[in-house]
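Each remark here refers to the structure printed beneath this line.
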Amino acid sequence: MSIYAKGVAVLLAILALVAFGWREHHQGYVAGQAEVQARWDKQTAAIDTAATAAIQQAASDALANTRAASVAADTAAQHQAEQADFKKAIIKRVSEYAERQTTEGSAAAGAAGASGVCQLDADGLRIWNDANAGRAGGAAAGASDDSGKSAGAVQ
């Protein structure tokens, strides 16, 4: 065999080894790429699942907070309406009492020759204090008897 033939045979052997090595390298690259892609897909699926669960939880929490705020607003509005009704009842009760005292005082003063003025007696002071303390006092008792005293007053 000639030297050229041996050289060509060596070159062909080297070329075969390089081709085989490239093929093995390429198969390893493809397998590695598939493994990395599978891992990436698994991670993104887990992240998507967690994000979806977090969004659903946030939506559920927002709905619960909205309902709680609605209940609180309704309760506050009801309390405000009750306070307004209570204040109207106290004002009406005190006004009626003052009018009655003025009328009774005028009649008594006219008979005695004095001017009729509205005076504050113990019952009027109790009604005034109850109104300022936020209690219904005589207004909660409702009506008064003919003497002008409230039905709930202690005598």
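The values are calculated or read from the model by the stated rules, or taken from the named source; none is laboratory data. These figures come from a predicted structure and were not determined experimentally. Cβ atoms come from the backbone with ideal geometry, glycine included; neighbour counts cover every protein chain shown.
Conditions (1) under 30 Å from A122 (Cα atoms); (2) at pLDDT below 95, marked per residue:
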site: M1; (1), (2): no, yes
site: A5; (1), (2): no, yes
site: A19; (1), (2): no, yes
site: W22; (1), (2): no, yes
site: A62; (1), (2): no, no
site: K92; (1), (2): yes, yes
site: E99; (1), (2): yes, yes
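Exactly one residue among Q57, Q78, Q27 is surrounded by 10 or more Cβ atoms within 10 Å (Cβ to Cβ) and at pLDDT below 95, and that residue is Q27.
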